[in-house]
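Bear in mind these aren't lab numbers, they're just calculated from the coordinates by the rules spelled out. Remember, predicted model here, so these are calculated numbers, not experimental data. Cβ atoms come from the backbone with ideal geometry, glycine included; neighbour counts cover every protein chain shown.
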Amino acid sequence: MPTAIAFSEYGGPDVLRPLETAEAVAGPGEVRVRVRAAGVNPVDVKLRRGDFAGTVAVTFPQRLGNEFAGVIDQVGAGVTGRAVGEEVLGFTAMAAYAEVLTVPADSVTAKPAGLSWEVAGALSAVGQTASNALRELKVGDGDTLLVHAAAGGVGTVAVQLARRLGARVIGTASERNHEYLRSLGAEPVVYGEGLAERVRALAPEGVDVVLDAVGSAAVDASLELVADRTRIGTTVDQKAADEHGIVRLRGARSAELLAELAGLAAAGDLVLPLTAVHPLTAAAEAHREVETGHVRGKVVLTVG
């Protein structure tokens, strides 16, 4: 029987356990995928800990994982444009840490030959979040963009896409990641107390737009720097969005957008470094790494 990773109670990484699942069958409009890689994201950690208890419905044993790459081995009725044996990457909801899964056919796109399984499996969440955020915040040529947590997954992609749009990018990160941010085209600045003053020193002419993937104090600094709150967006802090009227960034996922991002990554025009790659059975260790908050790029689980 295929194996997935699930948890039957909220808690630390050790609550993650292998779960034997019934062999899935692709229904109408679906494809079945033999997973080769699945990305691990901070939202997975928060779900496992119970941070969203009462707001996000879970059914124990609850699986995890929102992005994957693998090989289609079954095509459901009515599906066109997809074939058995095709290599794909795609997105789902709380199901990707698995050997096998079924998803709607329009939730996958072809994996370019030059894209590794590991990057393909880790691209969807951060790539689409970053791209949608820049679009919603109307980032464009000539803008000065401040990215909080610029060395993380969303930040890494956002920096590169914003530079392609012609924006100047300032990114917050620990000092050990400053050279990395420079390699992506960003101007690094240390986060923490006094951040607004350090950003002003780098950009005395001002900051136009902020993309936040940290919340709390990062939002406070953003409010000091940008007057137009419709150009301050957060991917993580709903409370700040409610209190201050800034934008809570979500964004719709689509196979079309994912295909565009995969093409850029395969061509070497979008870099997504991997902090660590673990087998599926080491999901707990992957969660420990993500939980440190110091991941550069992504952590990935592999199958087979």
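A few comments on the model shown:
- Taking θ as phi - 60° and the Karplus parameters 6.51, -1.76 and 1.60, the scalar couplings of the stretch 142-150 work out to x, 6, 9, 10, 9, 10, 7, 6, 5 Hz in sequence order, x denoting glycine and proline.
- Expressed per residue, the C-alpha convex hull volume of the chain stands at 127 Å³.
- Each Lys or Arg adds one and each Asp or Glu takes one away; over the other residues whose Cβ falls under 10 Å from the Cβ of residue 240, this sums to -3.
- Relative contact order (%) - the stretch 1-150, alpha-carbon pairs under 8 angstrom, separation at least six: 27 percent
- The charge dipole of the stretch 138-248, taken about its Cα centre with unit charges on the Cβ of Lys, Arg, Asp and Glu (plus for the first two, minus for the last two), comes to roughly 360 debye.
- Estimated distance in nm for a label pair at residue 197 and residue 230, the labels positioned 7 Å out from Cα along Cα-to-Cβ: 3.4 nm
- Shape of the stretch 48-173, Cα gyration tensor, a/c cut at 1.5: oblate
- A protection proxy built from the mean count of other Cβ atoms within 10 Å ranks the segments 235-242, 293-300, most packed first, as 293-300, 235-242.
- Positive-end residue of 47, 113, 272, charge dipole of the chain with Cβ unit charges: 113
- Protection proxy ranking, peptides 43-53, 8-18, 130-140, 29-39, average beta carbon neighbours within 10 Å, highest first: 29-39, 130-140, 43-53, 8-18
- Modelled FRET efficiency - R0 45 Å, residue 190 with residue 59, Cβ distances, 0.05 increments: 0.60
- Inter-centroid distance (Cα atoms) of the stretch 75-107 relative to the stretch 9-69, Å: 15 Å
- Summed residue charge, Cβ within 12 Å of residue 84's Cβ, Lys/Arg positive, Asp/Glu negative: 0
- Relative contact order of the chain, taken over Cα pairs closer than 8 Å and 6 or more residues apart, is 20 percent.
- Solvent-free Debye scattering, log10 I(q)/I(0), computed from the Cα coordinates of the stretch 195-303 at q = 0.17 Å⁻¹: -1.06
- Modelled this way, with points 7 Å down the Cα-to-C-beta line, the labels at residue 242 and residue 164 are 3.6 nm from one another.
- If the segment from residue 22 to residue 292 were pulled out straight at 0.36 nm per residue, it would be longer than the present Cα-Cα gap by 93.8 nm.
- The HN-Hα couplings worked out from phi for the stretch 62-69 by the Karplus form 6.51 cos²θ - 1.76 cosθ + 1.60 (θ = phi - 60°) are 9, 7, 9, x, 10, 8, 6, 9 Hz, whole numbers, x standing for Gly and Pro.
- Integer Hz, Karplus 6.51/-1.76/1.60 couplings in order for the stretch 2-16, x for Gly and Pro: x, 10, 10, 9, 8, 10, 10, 7, 6, x, x, x, 5, 6, 6
- Separation of the stretch 174-216 and the stretch 128-157, taken as the distance between their Cα centroids, equals 12 angstrom.
- Taking amide H as placed 1.01 Å from N in the peptide plane, residue 86 has its amide H under 5 Å from the amide H of 72, each at least 5 places away in sequence or on another chain.
- Residue 274 long-range amide H proximity, modeled H, under 5 Å: 298
- Computed over the stretch 138-248, the convex hull of the alpha-carbon atoms projects to a mean area of 6.0 nm².
- Residues whose amide H comes within less than 5 Å of that of residue 215, counting only those at least five positions distant or on another chain, are absent (H built at 1.01 Å from N in the peptide plane).
- The modelled label-to-label distance between residue 281 and residue 259, using points 7 Å beyond Cα along the C-beta direction, is 3.8 nm.
- Counting charges near residue 221 (Lys, Arg +1; Asp, Glu -1) among other residues having Cβ under 12 Å from its Cβ returns a value of -3.
- Taking 142, 155, 263 as the candidate residues, the one with maximal mean-square fluctuation in a Gaussian network model of the chain, Cα springs under 10 Å, is 142.
- Taking all pairs of distinct alpha-carbon atoms in the stretch 33-77, Kirkwood radius in angstrom: 12.4 Å
- Note on the stretch 1-52: semi-axes of the ellipsoid equivalent to its C-alpha gyration tensor, largest first and rounded to whole Å, are 25, 14, 11.
- Protection proxy ranking of 60-68, 74-82, 118-126, by the mean of other Cβ atoms within 10 Å over each peptide's residues and highest first, is 118-126, 60-68, 74-82.
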